[in-house]
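Each remark here refers to the structure printed beneath this line.
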Amino acid sequence: MKSCIFDLDGVLVDSAKYHYLAWKALADKLGFVFTEKDNERLKGVSRMKSLEILLEIGKITMSDGEKEQAAAEKNELYRSYISKMTPEEILPGVENFLKELKSLGIKTAIGSASKNTPLILERTGLKKYFDAVADGTNVSKAKPDPEVFLKGAELLGVDPKTCIVFEDAAAGVEAAHRAGMKAVGIGSQTVLNEADLVIPNFVGVTSDILQKI
Ligand code: BG6
Ligand code: MG
């Protein structure tokens, strides 16, 4: 039997747009332009690493203390957005797919870098679909390190080789492969060309997909 591990941001919910808005507010304050294209580089990447990429784009240097402060500020704004999220923000097709997996007894876990995972799962009502949650609160190494997916498999009590990861970030696809798992990319073939299979979204997706890879 296969098990499924899902990234959260950009796979189950469109929280990537809130990350972007919050980082953009910081860039605006620091006086440089931060585009949606730049934001692609931050997907799947930890909060601190994201800040470092952002500062590199703006050619700005900060002390460790200033970085802590800037990351905390960004997170406060981000949390103000996600604390207003509703179940309507679950991406199309996701709930049907998760319901089917549950009805088939297929084990499911979250594998996300985000420390805000619990808040999003609670606000959107997605929590009930998952047997385990590996996230920024119980792992420390950021994707492409495989730690978060290996933790997901461990919490599910399954062999990593039986897991299929659903990911929207190139760093996440690499992390899945390094964990010895298969990866389904959600989004564009160009960005996710290392994935074993790429689909644009979950619309019409059924458990048949697990046999395709
Ligand atoms: C990932 C996002 O899921 O979580 C990244 O793709 C984000 O953009 C990372 O930086 C960490 O999230 P948070 O909520 O802990 O700042
Ligand atoms: Mg993601």
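The values are calculated or read from the model by the stated rules, or taken from the named source; none is laboratory data. Computed from a prediction, not measured in an experiment: that's the story for all the values here. Note: ideal-geometry Cβ built from the backbone for every residue, glycine included; neighbour counts use all protein chains shown. Surface areas here come from the heavy atoms of the whole protein model, side chains and all, with no ligands, DNA or RNA. Shrake-Rupley method; radii C 1.70, N 1.55, O 1.52, S 1.80 Å.
Hey, any idea what % of the chain's accessible area is carbon plus sulfur with a 1.4 Å probe?
52
Send over a whole-number figure in Å² for the accessible area per residue of the range 38-154, probe 1.4 Å.
49
I'd like the accessible area for Phe130: 1.4 Å probe, protein heavy atoms, all chains in place, Å² to the nearest 10.
The accessible area of Phe130 comes to roughly 30 Å².
Calculate the dipole size of the range 100-199 relative to its Cα centre from +1 charges on Lys and Arg beta carbons and -1 charges on Asp and Glu beta carbons; express the result in debye to the nearest 20.
It works out to roughly 260 debye.
Just how many % of Cα pairs in the range 1-127 lie over 18 Å apart, if you round to the nearest whole percent?
55
Give me D for the range 121-186 in µm² s⁻¹, whole number, from Stokes-Einstein with Rh from the Kirkwood sum over alpha-carbon pairs, 4 °C and 1.567 mPa s.
Here the translational diffusion coefficient equals 107 µm²/s.
In whole Å, what are the extents of the chain along the principal axes defined by its C-alpha atoms, from largest to smallest?
Ordered largest first, the chain gives principal extents of 51, 33, 30 Å.
Let's test the formula: R0 of 22 Å, r as the Cβ-Cβ distance of Gln189 and Ile213. What FRET efficiency results, to the nearest 0.05?
Efficiency for this residue pair is about 0.90.
Which Rg and Dmax, in Å, describe the Cα atoms of the range 1-50?
Cα radius of gyration and Dmax of the range 1-50 are 13.5, 52 Å respectively.
Longer than 24 Å from Cα to Cα, which of Lys29/Lys143; Lys17/Lys115; Lys2/Lys99; Lys49/Lys99; Lys2/Lys102 are they? Say none if no pair is.
Pairs exceeding the cut-off: Lys29/Lys143; Lys49/Lys99.
What is the pair-distance distribution P(r) of the range 16-82, computed from all Cα-Cα distances in 10 Å bins starting at 0, with each bin given as a whole percent?
Spelled out per bin, shortest first, that is 22, 64, 15.
When the dipole is taken about the Cα centre of the chain, and only Lys, Arg (+1) and Asp, Glu (-1) are charged at their Cβ, what size is it in debye, to the nearest 20?
Result for the chain is approximately 240 debye, rounded to the nearest 20.
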